[in-house]
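The values are calculated or read from the model by the stated rules, or taken from the named source; none is laboratory data. No experiment lies behind these values; they were computed from the predicted model shown. Cβ placement follows ideal geometry from the backbone for every residue including glycine, while neighbour counts extend to all protein chains displayed.
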Amino acid sequence: MMVWRMSWGLPIMLGFVLGVVCAGVAATPLSEASAASVASVAPPHKHLDRTGKTRQGKASYYGGKFEGKEMANGQHMDADADAAASKTLPLGTTAKVTNLDTGKSDVVVIKDRGPYVGGRIVDVTPKVADKLDMKKDGVAPVKVQPLKLPPKDASAPPSK
């Protein structure tokens, strides 16, 4: 019996200690800087930008692991499409994305939500990243000019 207690005692004790440590970490409040960081990458509010204003920020592009994944509009991501993700533009918006370093631009359709990295305003497909000449650096300063907004009732993703 003594052997059984010793063989199970250590795992039980480690589990207890781990549980206490995790509970302490989970109960620790976020610092203001951490909270601001989380807020900057959190999903958008329900309000979408229908003003048509041109916005400037950083663009990144979808990595290969997103090929074929379902996007917010229900379609699957195609690396060879002229598509993009925006947290604020309505799905179905047609927009011109211009790389401010190179002057190169392309027209995309907003089909997904994101990017969820602070400071970035749009994710583009690898095809669009090639056209914008931004694949080498992975991120580029851009302006996003909405060209055509969808009707208000068309901005919700399709129901399943």
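Which of the residues belonging to the stretch 55-92 are more than 15 Å from V109 (Cα to Cα) and either in a loop (DSSP other than H, G, I, E, B) or of a type in the set (S, T, Y) (or both)? Matches in the stretch 55-92: S60, G63, E67, G68, K69.
For the stretch 103-134, enumerate the residues that are modelled with pLDDT under 95 and either of a type in the set (S, T, N, Q) or on the phi < 0 side of the Ramachandran plot (or both). Once the filter is applied, which keeps residues that are modelled with pLDDT under 95 and either of a type in the set (S, T, N, Q) or on the phi < 0 side of the Ramachandran plot (or both), the stretch 103-134 yields Y116, V117, G118.
The set of residues from the stretch 74-89 being in contact with a strand residue (DSSP E or B) (Cβ under 7 Å, 6 or more places away or on another chain), more than 14 Å from Y61 (Cα to Cα) and surrounded by fewer than 20 Cβ atoms within 10 Å (Cβ to Cβ) comprises Q75, H76.
Condition (residue is crowded, with 17+ Cβ neighbours inside 10 Å and closer than 18 Å to L48 by Cα) applied to the stretch 123-140: is it met by at least one residue? Yes. So which of S86, S40, S60 ends up being under 28 Å from P146 (Cβ atoms), within 22 Å of the chain's Cα centre (by Cα) and modelled with pLDDT under 50? It is S40. Checked across the stretch 98-106, the condition of being closer than 18 Å to D49 by Cα and out of contact with any Lys or Arg (no Cβ under 8 Å at 6 or more places or on another chain) holds for no residue. Among the residues of the stretch 139-152, is any closer than 11 Å to Y61 by Cα and at pLDDT 95 or above? Yes, because at least one residue in the stretch 139-152 is closer than 11 Å to Y61 by Cα and at pLDDT 95 or above.
As a summary of the residue check, S155 satisfies the conditions (1) modelled with pLDDT of 95 or more; (2) surrounded by 13 or more Cβ atoms within 10 Å (Cβ to Cβ); (3) not β-branched (V, I, T) except for the one numbered (1).
Scanning the stretch 76-101 for residues that are in contact with a helix residue (DSSP H, G or I) (Cβ under 7 Å, 6 or more places away or on another chain) and among the charged types (D, E, K, R) gives D80, D82.
The condition of being in a loop (DSSP other than H, G, I, E, B) and assigned by TED's automatic domain parsing to the domain that holds V128 holds for only one of T98, T102, that being T102. Collect the residues in the stretch 105-156 that are among the basic types (K, R) and in a strand (DSSP E or B), keeping them in residue-number order. Result: K111, R120, K143, K148.
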